[in-house]
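A.B. asks: Can you read through this structure? Questions will come right after.
The values are calculated or read from the model by the stated rules, or taken from the named source; none is laboratory data. In this text, all values refer to a predicted model and were calculated from it rather than measured experimentally. FYI the Cβ positions are ideal-geometry reconstructions off the backbone, even for glycines, and counts take in every protein chain you see. When the accessible area is computed, the model is the full protein with side chains, heavy atoms only, and any ligands, DNA or RNA have been set aside. Shrake-Rupley method; radii C 1.70, N 1.55, O 1.52, S 1.80 Å.
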Amino acid sequence: AGDGPLTGKHILVTAGPTHEPIDPVRYIANRSSGKQGYAIAGALAELGARVTLVSGPVALATPPGVTRIDVETAREMADAVDRALPADAAVMVAAVADWYVEAAAQKLKKGEGAPPLALHTNPDILATLAKSPTRPRLLVGFAAETERVVEHATAKRVRKGADWIVANDVSGDVMGGDANTVHLVTADGVEDWEPLPKDAVARRLAERIAAALG
Ligand code: C5P
């Protein structure tokens, strides 16, 4: 990372899905390409930040100047986030699976009917960080919504204890695509951003973070 408005700042970014294994060959996951989170990590590094990117399984190159920590499950992501602290800001873009399965040690066999899956609740990494003594000064969450986008995101900002929520309308073909329609929800209100390529969303958000951290 070169010199810029974020020089000297450490920023944590989570990105991608998590995979929750069912057995050695199967998993459950949320849909996420990781593109938006990777673009944000890269944009923050371009502004001079030291960036730690905690990433679920994705097929993307690490942006220049970014330190990447690969994880598979939500529980591993929570541990990696903990270890990466302290940070001046955190941007939680990962599409974390809400549940995990107690994984079978051997591949489950077909033939005796479908096995029942007992789901257990994963830690909410963002909400946990919001309450932790090492809470970053600026905590940014994402909200992928298919309806009443701003209303849900506004409630989520308060419920999770984030400073900002980037609300993302995923009713179209955002998943894996290159463009994004987002709303920035803060304590001061809501900004509607025009539809932008994911790297432009990333640059604008990075600039806003730089301004907020001073
Ligand atoms: O509740 P929901 O999953 O919609 O919240 C999305 C936001 O919370 C994102 O910023 C996501 O990265 C974060 N999150 C998390 N840990 C979870 C679930 C969501 O950090 N277990």
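A.B. asks: So for the chain, what percent of the C-alpha to C-alpha distances run longer than 24 Å? Numbers along the way, then the final one.
C.D. replies: Working: 9339 of 22791 pairs.
I get 41 percent for the Cα pairs in the chain exceeding 24 Å.
A.B. asks: Which cross-chain or sequence-distant (5 or more) residues have an amide H under 5 Å from the amide H of residue 34, H modelled 1.01 Å from N in plane?
C.D. replies: Result for residue 34 returns 16.
A.B. asks: What relative contact order, as a whole-number percentage, does region 134-214 give when Cα pairs under 8 Å and 6 or more residues apart are counted?
C.D. replies: Numbers: 116 pairs, mean separation 19.9, N = 81.
Result for region 134-214 is 25 percent.
A.B. asks: Could you work out the helix-only [θ] at 222 nm for the chain, with each DSSP H run of four or more residues adding -39,500 (n - 2.57) and the total divided by the number of residues, to the nearest 500 deg cm²/dmol? Before the final figure, lay out each step's value.
C.D. replies: Values: 5 runs with 58 residues, N = 214.
Only helices count here, giving -8500 deg cm²/dmol.
A.B. asks: Can you list residues from other chains, or at least 5 along the same chain, whose modelled amide H is less than 5 Å from the amide H of residue 22?
C.D. replies: Amide H to amide H, under 5 Å and 5 or more residues apart or across chains, residue 22 pairs with 27, 28.
A.B. asks: Could you tell me whether region 76-153 comes out rounded, prolate or oblate from its Cα gyration tensor? Rule is a ≥ b ≥ c as square roots of the eigenvalues, rounded for a/c under 1.5, then prolate if a/b exceeds b/c, otherwise oblate.
C.D. replies: Values: a/c = 3.60, a/b = 1.71, b/c = 2.11.
In terms of gyration-tensor shape, oblate.
A.B. asks: If you place +1 on the Cβ of every Lys and Arg, -1 on the Cβ of every Asp and Glu, and leave all else neutral, what size is the dipole of region 112-214 about its Cα centre, to the nearest 20 Debye?
C.D. replies: On the way: 12 positive and 15 negative charges, 130 e Å.
Here region 112-214 has a charge dipole of around 620 debye.
A.B. asks: Tabulate in residue order the Karplus-calculated ³J(HN,Hα) for region 87-100, using 6.51 cos²θ - 1.76 cosθ + 1.60 with θ = phi - 60°, rounded to whole Hz; enter x for Gly and Pro.
C.D. replies: Couplings: 9, 6, 8, 9, 10, 9, 9, 4, 8, 6, 5, 6, 9, 10 Hz.
A.B. asks: Using modelled backbone amide H atoms (1.01 Å from N, in-plane), which distant-in-sequence or interchain residues come within less than 5 Å of residue 69's amide H?
C.D. replies: Hits under the 5 Å cutoff: 53, 54, 55.
A.B. asks: So, in Å, what gap is there between the alpha-carbon centers of region 111-164 and region 68-94?
C.D. replies: 14
A.B. asks: A further question follows. Please list 3J(HN,Hα) in residue order for region 24-41, calculated via the Karplus relation 6.51 cos²θ - 1.76 cosθ + 1.60 where θ = phi - 60°; whole Hz, with x for glycine and proline.
C.D. replies: Here the 3J(HN,Hα) series is x, 10, 10, 8, 10, 7, 8, 6, 6, 7, x, 4, 5, x, 5, 5, 5, 4 Hz.
A.B. asks: How high is the relative contact order of region 31-107? Use alpha-carbon pairs under 8 Å, at least six apart in sequence, and give a whole percent. All intermediate terms of the calculation are to be shown ahead of the outcome.
C.D. replies: Working: 74 pairs, mean separation 22.2, N = 77.
Normalised by residue count, the contact order of region 31-107 is 29 percent.
A.B. asks: The chain: longest stretch without exposed GluC sites (Glu not before Pro) (DSSP loop, at most 14 other Cβ within 10 Å), sites themselves excluded?
C.D. replies: Values: sites that count: 102, 112, 147.
It works out to 1-101.
A.B. asks: Can I ask one more? Give the residue list of trypsin sites (Lys or Arg not before Pro) in region 75-148 that are DSSP loop and have at most 15 other beta-carbon atoms within 10 angstrom. Please list the in-between numbers first.
C.D. replies: Numbers: sites: 75, 83, 107, 109, 110, 131, 137, 148; in loops: 107, 109, 110, 137, 148.
Listed in order of number, the matching sites are 107, 109, 110, 137, 148.
A.B. asks: Show me, for region 107-115, the HN-Hα J-couplings you get by feeding each phi into the Karplus relation (A = 6.51, B = -1.76, C = 1.60, θ = phi - 60°), rounded to Hz, glycine and proline as x.
C.D. replies: Residue by residue, region 107-115 yields 4, 5, 9, 6, x, 9, x, 6, x Hz.
A.B. asks: Taking only Cα atoms of region 139-197, what ratio of Rg to Rh do you get with Rh as the Kirkwood inverse-distance radius?
C.D. replies: On the way: Rg = 10.9 Å, Rh = 11.4 Å.
Rg divided by Rh gives 0.96.
A.B. asks: Taking the chain as the reference, fit the longest principal axis to its C-alpha atoms, fit the long axis of helix 149-160 to the helix C-alpha atoms, and give the angle between the two in degrees, 0 to 90, nearest 10.
C.D. replies: Helix 149-160 sits at roughly 90 degrees to that axis.
A.B. asks: In the P(r) worked out for region 102-201, what percent of Cα pairs fall beyond 15 Å? Walk me through the numbers on the way to the answer.
C.D. replies: Details: 3437 of 4950 pairs.
For region 102-201, the fraction of Cα-Cα distances above 15 Å is 69 percent.
A.B. asks: Determine the relative contact order of region 57-185: mean sequence separation of Cα pairs under 8 Å and six or more apart, normalised by residue count, in whole percent. All intermediate terms of the calculation are to be shown ahead of the outcome.
C.D. replies: Details: 158 pairs, mean separation 26.3, N = 129.
Computed over region 57-185, the figure is 20 percent.
A.B. asks: Let me ask something additional. Hey, in the GNM for the chain with a 10 angstrom Cα cutoff, which one of 196, 119, 129 fluctuates hardest?
C.D. replies: Highest fluctuation among the options: 119.
A.B. asks: Right, here's the next one. Excluding ligands, DNA and RNA, what is the solvent-accessible area per residue of region 90-142 at a probe of 1.4 Å, expressed in Å²?
C.D. replies: Values: 3280 Å² over 53 residues.
Per residue, region 90-142 has 62 Å² of solvent-accessible surface.
A.B. asks: Here is a follow-up. Which residue, 40, 99, 201, has the largest displacement toward the positive end of the dipole of the chain when charges sit on each Cβ (Lys, Arg +1; Asp, Glu -1)?
C.D. replies: It is 99.
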